[in-house]
């Protein structure tokens, strides 16, 4: 039973979380070894020194995540050091570091439907792989799916949340995507279904693009949804080449690629749904947001904000005229 309990503890985090924590733990252990101090349990002084060490090469938000990683390392081996975040010496050092480094929130590039249509003209549809990647981007925009549900993080990722061929079913009206594993579905407790109807004669018709892709590259139901050609073989489309393709399109329409990511499609889709009059609750359901995080994607375009301010100005003038 002890062995079984140990095995169960090893599954406390998802594989992706384990990879992240393993990287954080390794860095901390190397630091302690280099400094010649004990690794566990961690004290306030060692933690203060560690964040100063990290500040030479990491931004504040990443440093804060590494602090959480050290706390989880201690917890995993039976040491409760949650109090360290409340320790004045350490918390003051962390807050001071935040003030020194700043803690800006990175803003992803905002992609509009017009931008997507302009990108369409840059896609080489004679290139099979580009057709597949365009299909993936449009599917992301229409479905609001997370990138982890679209493609593996790397060519070695075989256990991720990404959809398989059996996740898609076609109907006369379009297609249905079935998500059985995701950031918010980690225990098989439910399925997330996303219907996407046909958009006749549109380059943004995800259902038509998907149907063509699956017919051009037949594979079994357990195969990854998006397959590209590498020589004479079909291999899973992974995140790095998809991101490279998106950045090329973004540069091609004159936008800054530095803040671009496949997540930009999820953001763009949510913003477009909102501007089209779709209620927030419906957007949250489609994108499978468990919280109000979706609100950060729903900022109105500047033209709409200027129009809103014009209405306020008109109301002020009316109030002034009535005096």
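Here the residues 239, 28, ranked from fewest to most Cβ neighbours within 10 Å of their Cβ, fall in the order 239, 28. Identify which of 39, 228, 251 has the largest mean-square fluctuation in a Gaussian network model of the chain, with springs joining Cα atoms closer than 10 Å. Evaluated over the chain, the most mobile residue of the options is 39.
Compute the relative contact order of the chain as a whole-number percentage, counting only Cα pairs closer than 8 Å that sit 6 or more residues apart in sequence. Taking the mean separation of contacting Cα pairs over the length of the chain, I get 17 percent. The Cα center of segment 172-223 and the Cα center of segment 242-286 differ in position by 18 Å.
Going through (i) 30, 51, 15, 3, 0; (ii) 25, 48, 25, 2, 0; (iii) 19, 22, 21, 17, 11, 7, 2, 1, 0, the figure that equals P(r) over Cα pairs in 20 Å bins from 0, in percent as computed for the structure here is (ii). For segment 2-101, relative contact order (Cα pairs under 8 Å, six or more residues apart, normalised by length) works out to 29 percent.
State, as an integer percentage, the relative contact order of segment 90-179 based on alpha-carbon contacts under 8 Å between residues 6 or more apart.
Values: 40 pairs, mean separation 10.3, N = 90.
Over segment 90-179, the number comes to 12 percent.
Cβ-to-Cβ counts within 10 Å put 32, 136 in ascending order as 32, 136, the fewest first. Here the residues 164, 284, ranked from fewest to most Cβ neighbours within 10 Å of their Cβ, fall in the order 164, 284.
From largest to smallest, what semi-axes in whole angstrom does segment 113-297 give when each is the square root of 5 times an eigenvalue of its alpha carbon gyration tensor?
22, 21, 17
Dividing the summed helix terms, -39500 (n - 2.57) for each DSSP H run of n ≥ 4, by the number of residues in the chain produces a 222 nm estimate of -16000 deg cm²/dmol to the nearest 500. Histogrammed with a bin width of 10 Å, the alpha carbon distances of segment 2-101 distribute as 14, 46, 31, 8, 1 percent, first bin at zero.
Where a number appears in this text, it was derived from the coordinates with a stated rule and is not lab data. Everything numeric in this text was worked out from a predicted model, so none of it was measured. Every residue, glycine among them, receives a Cβ derived from its backbone with ideal geometry; neighbour counts consider all protein chains shown.
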